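Heads up, the thing below is written out as structure tokens.
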Amino acid sequence: MIKLKNTDKAIKRLILALKKGEKIGIWSDYDPDGVFALVLAFEALINAGFKKEDLELILPNQYKYDRSFNKFHLSILKKMGIKLIIGIDFGTTDFKQMDMANEMGFEVILLDHHRQRPGKLHALLINPWQKGDRSKYKNWSGTGVAYLFFENLYKTLKIDIKKLKQSEDLILIPAITDYIKLDKGNLPYLKNSLADIKKNLRPGIRDSLKELKLGKAITITKMIEDRSNIADFYGILKNNGKKNNIFDLLTSKTDKEAVKISKKISKQKRNFEDFVEKIVKVGIKKFKNTKNKFILWGLDKDIKLVGAESKIADSLNEYFKIPVYFYKKEKNHLKGSARANYSNKNVLDSLKNCGNIFINFGGHPKAAGFHIKKHNLKQMEERLKKFYAQAK
């Protein structure tokens with residue numbers, strides 16, 4: 001069993017909440033990894049003895065609220081008398097947001113896997129990449145980190161681990177969609193997750209994989225090959241918390257219910273992909289003869305499709321095989337995604353090299369995100385040029 005730094009402290013706080021019958025907020029990122037992690041945490045806590053009615057789920061639409069803590073949803077939790085929030089798949093670099101939660105009287109446990117950077121974080125962080133964590137294997141999705149944490153919780157509470165394993169089928173798909181590197185640490189878990197998926201115990205996964213034409217002889221290799229298609233499907237997210245369509249799909253009890261949701265998501269997925277394809281074609285034409293070492297490009301308008309910038313960056317990166325930074329307008333700033341899947345360059349380091357010009361940024365070596373004010377875009381381009389000129 002793998003134990004990450006701060007696990008014991010977080011478990012102690014959760015056990016106190018369980019004994020006192022506290023209400024708990026579970027807040028997750030608004031992407032495939034985040035929503036799978038939300039389902040896993042919800043099921044794991046219920047099977048550990050927490051009451052369903054004491055768990056309030058927050059999955060804020062990034063188009064409206066961004067993925068991290070916001071005053072609107074925090075105020076709702078405060079009115080409900082909630083003092084403890086479990087945040088999953090975000091938060092490691094959200095210093096201001098954690099400060100806000102702390103000032104509003106919340107205690108926060110973060111289960112995350114994004115890279116750390118200097119700064120004081122008002123939260124109890126459980127992250128294999130954080131300074132001082134001694135775990136040998138670091139490559140986990142947010143859902144994977146959550147599963148490791150709940151393994152330790154179940155052991156401490158002496159709960160039959162079979163109850164947690166009911167949610168083990170949720171681990172594999174987020175690892176695929178989040179480009180998690182396979183290693184000796186995570187592979188046994190991912191193989192177990194695949195075995196559980198093949199048992200067809202969860203209608204939502206069974207019927208959605210059929211919809212994706214992945215129902216027969218499915219393997220981890222085949223899923224990696226079809227990663228983009230899988231990510232697009234589970235990335236079509238609508239509504240908040242338990243009303244979210246993917247959450248609803250994963251927790252559906254019957255095939256009839258699951259098939260209905262899968263068909264609806266497939267239709268939304270086609271509309272999403274048609275739009276992305278249109279923008280990608282413009283980008284390919286624009287940068288057809290580029291000799292640059294990277295592409296920084298975007299739209300000075302609001303796309304109004306959550307995740308579109310990530311998909312566009314990913315598609316252009318796949319076509320040109322150089323790092324791509326694609327942005328769109330969002331409210332009074334620009335929101336962007338960086339991808340470098342076909343390069344040895346670390347896009348997170350490239351964003352760090354841009355210094356303090358961002359509103360916020362974070363992510364992984366191959367995939368990262370950034371928020372920036374429009375007037376700083378030229379400065380970002382110049383610093384990226386310097387970074388890639390110096391990079392070996």
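Side notes on the structure shown:
- Condition check for residue 50: part of a helix (DSSP H, G or I) and assigned by TED's automatic domain parsing to the domain that holds residue 153: no
- Each residue in the stretch 190-217 was checked for being free of Cβ contacts under 8 Å to residues at least 24 places away in the same chain, of a type in the set (Gly, Ala, Ser) and in a helix (DSSP H, G or I), and 1 pass.
- Applying the condition of being out of contact with any Pro (no Cβ under 8 Å at 6 or more places or on another chain) and part of a helix (DSSP H, G or I) to the stretch 245-258 and asking which residue is surrounded by the fewest Cβ atoms within 10 Å (Cβ to Cβ) yields 256.
- Test: residue 41 is surrounded by 16 or more Cβ atoms within 10 Å (Cβ to Cβ), under 15 Å from the mean Cα position of the chain (by Cα), small (Gly, Ala, Ser) and over 26 Å from residue 305 (Cα atoms): yes
- Residue 30 within 20 Å of the chain's Cα centre (by Cα), more than 27 Å from residue 129 (Cβ to Cβ) and at pLDDT below 95: no
- Any chance residue 265 is assigned to a helix (DSSP H, G or I) and crowded, with 19+ Cβ neighbours inside 10 Å: yes
- Sole residue being in the same structural domain as residue 246 (by TED's automatic domain parsing) and either within 26 Å of residue 45 (Cα to Cα) or in contact with a Leu (Cβ under 9 Å, 6 or more places away or on another chain) (or both), chosen from 217, 175, 231: 175
- Taken over the stretch 318-333, the criterion of being part of a strand (DSSP E or B) and farther than 15 Å from residue 288 by Cβ is satisfied by 325, 326, 327, 328, 329, 330, 333.
- Every residue from the stretch 198-244 that is of a type in the set (Lys, Arg) and crowded, with 22+ Cβ neighbours inside 10 Å: 202
- Top-ranked residue of the stretch 339-392 - restricted to ones that are farther than 23 Å from residue 129 by Cα and of a type in the set (Asp, Glu), ranked as surrounded by the fewest Cβ atoms within 10 Å (Cβ to Cβ): 382
- Residue pairs meeting the criteria (Cβ under 6 Å; at least 6 apart or on separate chains; first outside the structural domain of residue 69 (by TED's automatic domain parsing) and at positive phi, in the stretch 82-109; second surrounded by fewer than 24 Cβ atoms within 10 Å (Cβ to Cβ) and assigned to a loop (DSSP other than H, G, I, E, B)): none
The values are calculated or read from the model by the stated rules, or taken from the named source; none is laboratory data. Since the model is a prediction, treat every value here as computed from it, not as a measurement. Cβ coordinates were reconstructed from backbone atoms using ideal geometry, including for glycine residues, and neighbour counts include every protein chain displayed.
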